[in-house]
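Colleague: Quick one: structure below, then a few questions.
The values are calculated or read from the model by the stated rules, or taken from the named source; none is laboratory data. Predicted, not measured: the structure shown is a model, and the values here were computed from it. Cβ sites come from the backbone with ideal geometry, for glycine too, and all protein chains shown count toward neighbours.
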Amino acid sequence: MPSLLEPPAAAPHPPGPAARRDPASFRDPEGRVYRGADGRLYRQLHQSFAPHRRRLVESGLENALVEEGLLVPHEPAPLALRLTDEAVAVLQPRELPFLSYPYEWCFGELQAAALLTLDLQLRALEAGLTLKDASAFNVSFEGTRPVFLDLTSFETWEPGTPWVAYGQFCRHFLAPLALMAHVDPRLSDLLAVHLDGVPLDLASRALPLRTRLRPGLLAHLHLHAALVRRAAAAPAPAARARRIAPRGLVALIEGLRRTVAGLRWRPADTGWAEYEDALPYTRDEAAAKERLVARWLERLDARSVWDLGANTGRFSRLAAARGAATVAFDLDPACVERCWRSARAEAIPNLLPLRLDLAAPSPALGWAHEERRSLEGRGPAGVALALALVHHLSITRNVPLPDLARYLARIARAAIVEFVPREDPQPARLLAARSDPCAGYTEERFRAAFAGPFELLASEPVGGGGRVLHLLERRKDPS
Amino acid sequence: MITLGYLDPGAGSILLQVALAGLAAFGVALKCSWRWLATLGRAPARARDESRTRGGR
């Protein structure tokens, strides 16, 4: 990367008026991420990062990690495209089809991201480098595979110094994983509240006593929490007191890796993972529904598909098989976990299962509500699949049908939506739990609600129970 | 000089790391020493076995 090793160009660069810094890229001054005037994603590097990048490149680590698919590739870009004059190099990172966040991952995804971070730290130490931060937001997923995004996290390691990101790693990964494994998988929601990781004292108090019998959790979490609490008001230890044997640091990280890898969560029967087996379709009807959805996906020729209420991802697979970057959203952690495990085992490269409550979709979070984008902010998708979903939102969560139609039109250009009549066993069961008749839930009202923001391209019944699939395209000028 | 970058590593986390890494390094050293001692112990035994084999012939 000669542009980095040479002095910066003398000519001052007026930042392009349309270039805009990524709102999430403000903490690390060594590498700013921004969207250029051409709409592409760039990362500019500061002079202070030059020695670290030199070692990263010359050690062969960057190439090796990119080739192994562990690090997002960065192509050199002209320096003239820099955002500010302090830049000495500009790179163009490969953009992922969908940027997911740790609070949307299932247990397996968070664990895979944690192991990737530790593996990178071990590889970095071998090359005389270290990760200066270990935020879970440094990782995202390309299909089912975790990939490290933040090139400027690597810095030269001075042997004998501790890992500065050890505490952050434990907050971002170990604490939520331990809570998910030993208390409840839904506790990943804590990551949406504690964006800088779950406080260790909170995790330590919430974990059952038996976790103190596990040496890894005892040391890295419980003892860690106690020491952080005691040292909160103490001054930083003197440099001499924080010298650390390099061999000891490697052994410590390897031990931490064993602790993370040793955490287990088995998706139990939550009722949803077996939901598809309980649907009132015969095998032929289910196959007919699959064929119809596949035909419509072909007709829409979508590059990106969001399967809302995907369950274990049966229809997401159809979209992924067509080459669309597919995200399978479901509320139930067991469904998402099973979908992720099976897609990973089948090596499906473009299917990303995520946890999402569509009645309360991921909001914009972080500094100035701009750091982490909302679901809508990461759209729109080419196609939204909403199969056997509307009755759950309308009857159980009381979302009015016109509101649902408008929201779907905001997050997707087209949609395949299934309407399940109130006589069907599923809505009938939901309606039985309500005292009011929920009179608004009818096919006529459904069609009227969706006719505003969408144009109905086709509708076909599936099965004999009155279920109907609708193929909808967003109106350019919704009424 | 230690460069801490923009992230506060936390005094408690650093102290724990120093202690755990010290223990881990001690463990590694102990393991290596044990292997070395075991190798030393095996060498005379092997020599004895070889002389017995030769004698047997």
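Colleague: Taking only the range A:360-383 into account, find how many residues are hydrophobic (A, V, I, L, M, F, W, C) and within 18 Å of the chain's Cα centre (by Cα). Please lay out each step first, then the result.
Modeller: Step one: of the range A:360-383, the residues hydrophobic (A, V, I, L, M, F, W, C) are A:360, A:364-365, A:367-368, A:375, A:381, A:383.
The next check asks that each one be within 18 Å of the chain's Cα centre (by Cα); those that pass are A:360, A:364-365, A:375, A:381.
Qualifying residue count for the region: 5.
For every residue, the table says whether it meets (1) within 14 Å of another protein chain (Cβ to nearest Cβ); (2) among the charged types (D, E, K, R); (3) out of contact with any Leu (no Cβ under 9 Å at 6 or more places or on another chain).
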| site | (1), (2), (3) |
| --- | --- |
| A:Gly31 | yes, no, no |
| A:Tyr34 | no, no, no |
| A:Arg40 | no, yes, no |
| A:His46 | yes, no, yes |
| A:Pro51 | yes, no, yes |
| A:Arg55 | yes, yes, no |
| A:Glu58 | no, yes, yes |
| A:Leu61 | no, no, no |
| A:Leu65 | no, no, no |
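Matching residues to (1) out of contact with any Pro (no Cβ under 8 Å at 6 or more places or on another chain); (2) charged (D, E, K, R); (3) in the same structural domain as A:Ala388 (by TED's automatic domain parsing):
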position: A:Glu290; (1), (2), (3): yes, yes, yes
position: A:Leu300; (1), (2), (3): yes, no, yes
position: A:Ser304; (1), (2), (3): no, no, yes
position: A:Leu308; (1), (2), (3): yes, no, yes
position: A:Asn311; (1), (2), (3): yes, no, yes
position: A:Ala319; (1), (2), (3): yes, no, yes
position: A:Arg322; (1), (2), (3): yes, yes, yes
position: A:Ala325; (1), (2), (3): no, no, yes
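Colleague: If you take the residues in the range A:168-184 that are out of contact with any Asp or Glu (no Cβ under 8 Å at 6 or more places or on another chain) and within 11 Å of chain B (Cβ to nearest Cβ), which one is farthest from A:Leu61 (Cα to Cα)?
Modeller: Among residues in the range A:168-184 that are out of contact with any Asp or Glu (no Cβ under 8 Å at 6 or more places or on another chain) and within 11 Å of chain B (Cβ to nearest Cβ), the one farthest from A:Leu61 (Cα to Cα) is A:Cys170.
One line per residue, one yes/no per condition, for (1) of a type outside the set (Asp, Glu); (2) assigned to a helix (DSSP H, G or I); (3) at pLDDT 95 or above:
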position: A:Asn398; (1), (2), (3): yes, no, no
position: A:Glu418; (1), (2), (3): no, no, yes
position: A:Glu423; (1), (2), (3): no, no, no
position: A:Gly440; (1), (2), (3): yes, no, no
position: A:Arg447; (1), (2), (3): yes, yes, yes
position: A:Phe450; (1), (2), (3): yes, yes, yes
position: A:Ser459; (1), (2), (3): yes, no, yes
position: A:Val468; (1), (2), (3): yes, no, yes
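Colleague: Could you check the range A:425-438 and list, in sequence order, the residues that are in contact (Cβ under 8 Å) with a residue 24 or more places away in the chain and either part of a loop (DSSP other than H, G, I, E, B) or in contact with a strand residue (DSSP E or B) (Cβ under 7 Å, 6 or more places away or on another chain) (or both)?
Modeller: Going residue by residue through the range A:425-438, those that are in contact (Cβ under 8 Å) with a residue 24 or more places away in the chain are A:425-427, A:430-431, A:434, A:438.
Answer for the range A:425-438, where residues must be in contact (Cβ under 8 Å) with a residue 24 or more places away in the chain and either part of a loop (DSSP other than H, G, I, E, B) or in contact with a strand residue (DSSP E or B) (Cβ under 7 Å, 6 or more places away or on another chain) (or both): A:Arg434, A:Cys438.
Colleague: Kindly indicate whether A:Leu408 is assigned by TED's automatic domain parsing to the domain that holds A:Trp306 and at pLDDT 95 or above.
Modeller: Values: assigned by TED's automatic domain parsing to the domain that holds A:Trp306: yes; at pLDDT 95 or above: yes.
Taking the combined requirement at face value, the residue satisfies it.
Colleague: Just one of the numbered conditions (1) modelled with pLDDT of 95 or more; (2) more than 7 Å from chain B (Cβ to nearest Cβ) is not true of A:Ala165; which one?
Modeller: It is condition (2) that A:Ala165 fails.
Colleague: I'd like to know if the range A:22-39 contains one or more residues that are in contact with a His (Cβ under 6 Å, 6 or more places away or on another chain) and at pLDDT 95 or above.
Modeller: For the range A:22-39, residues in contact with a His (Cβ under 6 Å, 6 or more places away or on another chain) and at pLDDT 95 or above: absent.
Colleague: Has the range A:446-466 got any residue that is charged (D, E, K, R) and touching a Pro at 6+ places or on another chain (Cβ under 9 Å)? Explain how you work it out, then say what you get.
Modeller: Quick first cut of the range A:446-466, residues charged (D, E, K, R) only: A:447, A:455, A:460.
This time we only want the ones that are touching a Pro at 6+ places or on another chain (Cβ under 9 Å), so: none.
No - not one qualifying residue is present in the range A:446-466.
Colleague: Does A:Arg406 meet the test of being under 30 Å from A:Pro23 (Cα atoms) and assigned to a helix (DSSP H, G or I)?
Modeller: Values: under 30 Å from A:Pro23 (Cα atoms): yes; assigned to a helix (DSSP H, G or I): yes.
Yes: the conditions hold for A:Arg406.
Colleague: Quick one: which residue in A:Glu75, A:Glu58, A:Glu95 is out of contact with any Pro (no Cβ under 9 Å at 6 or more places or on another chain), without any contact (Cβ under 8 Å) to a residue 40 or more places away in the chain and surrounded by fewer than 16 Cβ atoms within 10 Å (Cβ to Cβ)?
Modeller: On the way: A:Glu75 fails: out of contact with any Pro (no Cβ under 9 Å at 6 or more places or on another chain); A:Glu95 fails: without any contact (Cβ under 8 Å) to a residue 40 or more places away in the chain.
Checking each option against the conditions leaves just A:Glu58.
Colleague: Of all residues being of a type in the set (Gly, Ala, Ser) and over 18 Å from B:Asp8 (Cβ atoms) in the range A:120-162, which is nearest to the other protein chains (Cβ to nearest Cβ)? Just the residue, please. Full working, then the answer.
Modeller: Filtering the range A:120-162 down to residues of a type in the set (Gly, Ala, Ser) leaves A:124, A:127-128, A:134-136, A:140, A:143, A:153, A:160.
In the following step, the residues that additionally are over 18 Å from B:Asp8 (Cβ atoms) were identified as A:124, A:127-128, A:140, A:143, A:160.
Numbers: A:Ala124: 14, A:Ala127: 17, A:Gly128: 14, A:Ser140: 20, A:Gly143: 30, A:Gly160: 9 Å.
Among those that are of a type in the set (Gly, Ala, Ser) and over 18 Å from B:Asp8 (Cβ atoms), it is A:Gly160.
Colleague: Against the definition (closer than 18 Å to A:Ser188 by Cα and either at pLDDT 95 or above or touching a strand residue (DSSP E or B) at 6+ places or on another chain (Cβ under 6 Å) (or both)), how does A:Arg341 come out, yes or no?
Modeller: Working: closer than 18 Å to A:Ser188 by Cα: yes; either at pLDDT 95 or above or touching a strand residue (DSSP E or B) at 6+ places or on another chain (Cβ under 6 Å) (or both): yes.
Yes: the conditions hold for A:Arg341.
Rundown of residues vs (1) surrounded by fewer than 24 Cβ atoms within 10 Å (Cβ to Cβ); (2) more than 26 Å from A:Arg54 (Cα to Cα), yes/no style:
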| residue | (1), (2) |
| --- | --- |
| A:Leu122 | yes, no |
| A:Asn138 | yes, no |
| A:Phe154 | no, no |
| A:Ala178 | no, yes |
| A:Val193 | yes, yes |
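Colleague: Taking the range A:157-216 on its own, how many of its residues are in contact (Cβ under 8 Å) with a residue 24 or more places away in the chain and acidic (Asp, Glu)?
Modeller: So the answer is 3.
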